[in-house]
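Q: Just dropping this structure here.
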Amino acid sequence: AQSVTQPDIHITVSEGASLELRCNYSYGATPYLFWYVQSPGQGLQLLLKYFSGDTLVQGIKGFEAEFKRSQSSFNLRKPSVHWSDAAEYFCAVGVGGTYKYIFGTGTRLKVLA
Amino acid sequence: KAGVTQTPRYLIKTRGQQVTLSCSPISGHRSVSWYQQTPGQGLQFLFEYFSETQRNKGNFPGRFSGRQFSNSRSEMNVSTLELGDSALYLCASSLNGASSGEQYFGPGTRLTVT
């Protein structure tokens, strides 16, 4: 069965430090991959997506993610975190042809001033 | 272009009652998906509607139902409410379908069942 794993429930980084949030998926083919961010009490905002092509994708707010087929991973990165990045981040997989869309359990990011 | 709107934003209901939530997608989007978000279960897929047809359904009891109108607006209904139905209900719209393109989320409806 398809699944998405975000191994880190909570991550704390200092402002200005680099960030990497992990995401692993289980699926027989290459799915569509997404990262979303959710601020408290808000809906989800799309940060970036991967469908095909260049495995390093750029998103909004200075985020990027790299698709690694061999590791079934789609990790999110940011070189320098800002206090406003504190939020919950969700990785998601779209399984084409099945109309399934699966979210990971989320990683809550705390940023220390 | 206006984003996804959901009404109402907050709702308090009593056990046993029923509730209807509304979602207006982005203009031109034909797919609307619904999700339930709780601290314990995270984001769980409820169902997706595409051009007025339910295309996929998650593992929720029959008390949860939905529909989509010809203008792509969607409603979700929960009958015989239980305490465990307290959650943030998120609606998302996409052009051609949840699994094949990005989704745009509304702010959610916070449902509290007492």
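The values are calculated or read from the model by the stated rules, or taken from the named source; none is laboratory data. Please read these numbers as outputs of a predicted model, since none were measured by experiment. Glycine also receives a Cβ, built like all others from the backbone with ideal geometry; neighbour counts cover every protein chain displayed. Accessible surface areas use protein heavy atoms only, side chains included; no ligands, DNA or RNA. Shrake-Rupley method; radii C 1.70, N 1.55, O 1.52, S 1.80 Å.
Q: If you take the residues of the stretch A:95-113 that are part of a loop (DSSP other than H, G, I, E, B) and open to solvent by less than 10 Å² (accessible area, probe 1.4 Å), which of them is nearest to A:Ser26 (Cα to Cα)?
A: A:Gly104
Q: Which one of B:Leu21, B:Leu83 is more than 11 Å from chain A (Cβ to nearest Cβ), closer than 18 Å to B:Val113 by Cα and open to solvent by 40 Å² or more (accessible area, probe 1.4 Å)?
A: Just one listed residue meets the conditions, B:Leu83.
Q: Here's a follow-up. Being more than 17 Å from B:Leu90 (Cα to Cα) and touching a strand residue (DSSP E or B) at 6+ places or on another chain (Cβ under 6 Å) is the filter here; which residues of the stretch B:16-53 pass it? First the steps, then the outcome.
A: From the stretch B:16-53, those more than 17 Å from B:Leu90 (Cα to Cα) are B:16-18, B:27-28, B:51-53; that's our starting set.
Scanning the stretch B:16-53 gives a single hit, B:Glu52.
Q: Within the stretch A:13-57, track down each residue that is within 15 Å of A:Phe90 (Cα to Cα) and among the hydrophobic types (A, V, I, L, M, F, W, C).
A: Listed by number, the residues that qualify are A:Leu19, A:Leu21, A:Cys23, A:Leu33, A:Phe34, A:Trp35, A:Val37, A:Leu44, A:Leu46, A:Leu47, A:Leu48.
Q: Could you tell me whether the stretch A:80-94 includes any residue that is assigned to a strand (DSSP E or B), within 14 Å of chain B (Cβ to nearest Cβ), open to solvent by less than 80 Å² (accessible area, probe 1.4 Å) and free of Cβ contacts under 8 Å to residues at least 24 places away in the same chain?
A: No, because not a single residue in the stretch A:80-94 is assigned to a strand (DSSP E or B), within 14 Å of chain B (Cβ to nearest Cβ), open to solvent by less than 80 Å² (accessible area, probe 1.4 Å) and free of Cβ contacts under 8 Å to residues at least 24 places away in the same chain.
Q: Might you let me know whether the stretch B:58-80 holds any residue that is in contact with a Gly (Cβ under 8 Å, 6 or more places away or on another chain), surrounded by fewer than 17 Cβ atoms within 10 Å (Cβ to Cβ) and away from chain A (no Cβ under 13 Å)?
A: yes
Q: Failed condition for B:Gly16, given (1) more than 11 Å from every other protein chain (Cβ to nearest Cβ); (2) buried (at least 21 other Cβ atoms within 10 Å of the Cβ), with all others met?
A: It fails just one condition, (2).
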